[in-house]
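The values are calculated or read from the model by the stated rules, or taken from the named source; none is laboratory data. Fair warning: this is a prediction, and the values are worked out from it, not measured in the lab. Quick reminder, even Gly has a Cβ in these numbers, built from the backbone with ideal geometry, and neighbours come from all protein chains shown.
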Amino acid sequence: MSIQAEPASCRLYLVTPERLEPATFADQLAAALDGGDVASVQLRLKNVDDDAIKRACEILLPIATSREVAFLLNDRPDLAVACGCDGVHVGQSDMPYAAARKTVGPDRIVGVTCHDSRHLAMEAAEAGADYVAFGAFYPTMTKPSNYRPEPELLQWWSEFMTVPSVAIGGITPANCVPLVKAGADFICVVSAVWQNPEGPGAAVKAFNKAIAEASA
């Protein structure tokens, strides 16, 4: 399975909370994916052991797969392979792209965090990354960042590069419009989906509506 952008369109990329109980979260994930178009889900668990990650993959991966949604693992190429995930996402302080690619092989997805750097993004794209992620575009408590790129970065990237871009950081249905209009291929969201008072399905529906209106 691949993470694919659709022509002249932007899609959702969901990241899980960093702490979760897989059996309970399974219903939330299913509700989110049934709420509208979602391209991919990244399992991002922090400060847990390998067995906890494996258990989460065992429970959550089939939910994504059954809906033809790519399932990625954060940070751990080795476990992505062991658990049968569709790919991995690595940050600048994690395993280098080349090592991650060597671990997962040529057919799995490898995405790379590039903050606000054109240079890092171009390096990743030229090396073969399947997507580059820019952010944080807005203030966020999910993963605080000192980087604050402007939407123009997405516009420049979309004009000159073919590798898809992911916009991340404090994004909501209300503020995603400039990023969509600038050319982001994917909008990456965390708390705006899982902490939505109306539920994750309603949040995904709201995001899809905002994306469609911004893309029109």
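When E198 is tested against (1) in contact with a strand residue (DSSP E or B) (Cβ under 8 Å, 6 or more places away or on another chain); (2) under 29 Å from A26 (Cβ atoms), exactly one condition is not met: (1).
Residue pairs whose Cβ atoms lie under 9 Å apart, sitting 6 or more positions apart in sequence or on different chains, and linking a residue in the stretch 112-132 that is free of Cβ contacts under 8 Å to residues at least 24 places away in the same chain and among the aliphatic types (A, V, I, L, M) to a partner that is in a loop (DSSP other than H, G, I, E, B) and buried (at least 16 other Cβ atoms within 10 Å of the Cβ), are V112/A129; V112/D130.
Checking each residue in the stretch 73-101 for being crowded, with 18+ Cβ neighbours inside 10 Å and of a type in the set (S, T, N, Q) picks out only N74.
Of the helices (runs of 4 or more DSSP H) contained entirely in the stretch 114-216, those carrying at least 1 residues that are closer than 17 Å to V90 by Cα and among the acidic types (D, E) fall at 118-127.
Of the listed requirements (1) crowded, with 18+ Cβ neighbours inside 10 Å; (2) at pLDDT below 95, P139 misses just one: (1).
Residues that are in contact with a helix residue (DSSP H, G or I) (Cβ under 8 Å, 6 or more places away or on another chain) and modelled with pLDDT under 95 within the stretch 68-93 comprise just one, Q92. So, in the stretch 133-178, of the ones that are touching a Leu at 6+ places or on another chain (Cβ under 8 Å) and aliphatic (A, V, I, L, M), which residue ends up farthest from C114 (Cα to Cα)? Across the stretch 133-178, the extreme among qualifying residues is I171. Scanning the stretch 69-109 for residues that are in a helix (DSSP H, G or I) and of a type outside the set (A, V, I, L, M) yields P77, D78, C83, Y97, R101, K102, T103.
Taking residues in the stretch 167-183 that are touching a residue at least 24 places away in the same chain (Cβ under 8 Å) and at positive phi, and partners anywhere that are crowded, with 24+ Cβ neighbours inside 10 Å and in a loop (DSSP other than H, G, I, E, B), the pairs with Cβ atoms closer than 6 Å and at least 6 places apart or on different chains are G169/F137.
Taken over the stretch 9-33, residues that are surrounded by fewer than 16 Cβ atoms within 10 Å (Cβ to Cβ) and touching a residue at least 12 places away in the same chain (Cβ under 8 Å) amount to 4.
Residue under question is S165, and the condition is that it be modelled with pLDDT of 95 or more, among the hydroxyl-bearing types (S, T, Y) and out of contact with any Lys or Arg (no Cβ under 8 Å at 6 or more places or on another chain); does it hold? If you could, list the steps in order and put the result at the bottom.
Numbers: modelled with pLDDT of 95 or more: yes; among the hydroxyl-bearing types (S, T, Y): yes; out of contact with any Lys or Arg (no Cβ under 8 Å at 6 or more places or on another chain): yes.
For S165, the condition - modelled with pLDDT of 95 or more, among the hydroxyl-bearing types (S, T, Y) and out of contact with any Lys or Arg (no Cβ under 8 Å at 6 or more places or on another chain) - is met.
The residues of the stretch 50-68 that are assigned to a loop (DSSP other than H, G, I, E, B) and either within 12 Å of P22 (Cα to Cα) or touching a residue at least 60 places away in the same chain (Cβ under 8 Å) (or both) amount to a single one, E68. Scanning the stretch 102-122 for residues that are within 27 Å of Q155 (Cα to Cα) and either surrounded by fewer than 17 Cβ atoms within 10 Å (Cβ to Cβ) or hydrophobic (A, V, I, L, M, F, W, C) (or both) yields I109, V110, V112, C114, R118, H119, L120, A121, M122.
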